[in-house]
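A short worksheet on the structure shown next.
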Amino acid sequence: MAVSNARVFILSFLAALVFHRSLANVAVEGSTPAESPHRRFEYKYSFKGPHLSQSDGGIPFWIHSGNAIPSADQVRITPSLRSQRGSVWTKNKVNFENWEAEVTFRVSGRGRMGADGLAVWFTSEQGLDGPVYGAADSWNGIGVFFDSFDNDGKKNNPAIIVVGNNGNLVYDHQNDGTTQALGTCLRDFRNKPYPIRAKITYYRKTLTVLINNGFTPDKEDYEFCAKVENMVIPTEGFFGISAATGGLADDHDVLSFLLFRLTEPGQQPPSVDSEIPKEQKDKYQEEFQNFQQELDKKKEEFQKEHPNVQGEPIDDLYESVNDREIRQVFEGQNRIHLEIKQTNRQLAMILDEQRRYVSVITDEISKKGTSAGSGQLDSASQQLSSVIATQQELLRNLNELRSSFHESLKQIGSIQHQGNAGGVGTYETIQHFNDIKENLHTVKRDVEHLVQRNVQNPGDKVVKCPELPPMPSCLSTVHFAIFVVIQTVLFFCYIMYNSQVSPQ
């Protein structure tokens, strides 16, 4: 009986397990992964270096106030001086339902602790100046605060705090906003080797804050900080960044602020034209028409003053594919032409050297014929005749090479003349290039053949010119010794003669 009960219990357990597994599979198959929203970059609400500031010191589409200092690469919201305030705000209102902001900044100072901190805002009005991190208090919107000073003494700073306000609350400085915080996380963002990156996303009434701590150069190394659900913020507002210092001071530098519009999957993002008000469209259209009319008037005046000048079509200013190929063909021809000219000059120099060498050998033969005997003359004349025959063959081959080079030059010249006169036919050009290539290969083979024949003859005997007999030296050792002895004797005789002639 017990065994049967155990069997029934095991079977019921397995049936329940299979049933739950089938339900889980159905649930997984029925659920679809959440699709990511469409992101579109909004340059009118963003800034980034280089060339961030204009010549007048302003930022395109942004305003700055207080102690903020724009530069080419960054905006220094506050310098590391005591009691400083600064901020930057968008000039135009943002009317996005969903958005994502990426802020890159540095907070650096010499002290172990810094103050006061930096804030990223989205509010219905611009808070250009005030006590809350350099911006106005009692704002209507959201503020993400990077608080670096511990006001309440609880050792919970530096911290990142998300605070919302409907325009009626006063920020609680003494408690570091903890009583009003909707989300918070402890992150040390001061004096890091790489810039700090904050990604603030508002999508489907949910605010999410991700932080890159600045320990690695990886820009996408984000970690979760805070999340606030069911959050309602104004439909229109301004983005801003502010900072402030107190008794302690840090440099608060913002390197970039990039804003993206988020659109839910399946919805088309609104066109750019629909975002421009009708008044601005009419104004821009009127300005364009006025400009077009002035341009037409100037064209007519120019045509009247210069009747001979005809306007060039715009298509002629650009190079087509065929024109580029023809230009490349002519450039290749010019390079080949220069190489053949240089080779022709080198061959002319070799010919001159060979002619001088032959003339020297013939002079030596004529001299040897008058001075040498019959036996020596026969052997020397045989060697010299073989050398002369080799040189004459070399001269003949070089002349042939030179003539072939002249023919190649003529062909290239004719091709260029045809191209300059009325364009180059692709088939004729290819044919001419093939002829030039064959001539060059022939020249290369002939030169290699001549080099091998000049270096070594078929009998493996190097042909050399007959050696000249050694010339006797002008003065031998014996004659030099006799000359020295005679000079010494004459010197002593002269001394004795002077001693006898001189008066006593």
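Contour minus end-to-end for ALA72 and PHE483, with contour as 0.36 nm per residue of separation and end-to-end as the Cα-Cα distance? The partial results should precede the final answer.
Values: separation 411, 0.36 × 411 = 147.96 nm, distance 9.39 nm.
My answer for the length gained is 138.6 nm.
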Measure of exposure for LEU81: accessible area at 1.4 Å probe, Å² rounded to 10, is 100 Å²
With 0.36 nm assigned to each residue of separation and the Cα-Cα distance removed, ASN92 to LYS154 gains 18.3 nm
About its Cα centre, region 41-263 carries a charge dipole, from +1 on Lys and Arg Cβ atoms and -1 on Asp and Glu Cβ atoms, whose size in debye to the nearest 20 is 240 debye
If each part is reduced to its alpha-carbon centroid, region 188-215 and region 155-172 end up apart, in Å, by 17 Å
With all protein chains in place and a 1.4 Å probe, ILE326 shows an accessible area in Å² (nearest 10) of 60 Å²
accessible surface per residue for region 154-235, probe 1.4 Å, DNA/RNA/ligands not counted, whole Å² -> 54 Å²
Using a 1.4 Å probe on heavy atoms of the protein chains only, the accessible area for ILE160 in Å², nearest 10, reads 0 Å²
Restricted to pairs 8 or more residues apart or on different chains, the lysines in region 41-263 with C-alpha atoms under 24 Å apart form a number of pairs equal to 22
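The values are calculated or read from the model by the stated rules, or taken from the named source; none is laboratory data. Source: prediction; values computed, not measured. All Cβ positions, glycine included, derive from the backbone under ideal geometry; neighbour counts span all protein chains shown. Please note that ligands, DNA and RNA were not included when accessible areas were found on the heavy atoms of the full protein model with its side chains. Shrake-Rupley method; radii C 1.70, N 1.55, O 1.52, S 1.80 Å.
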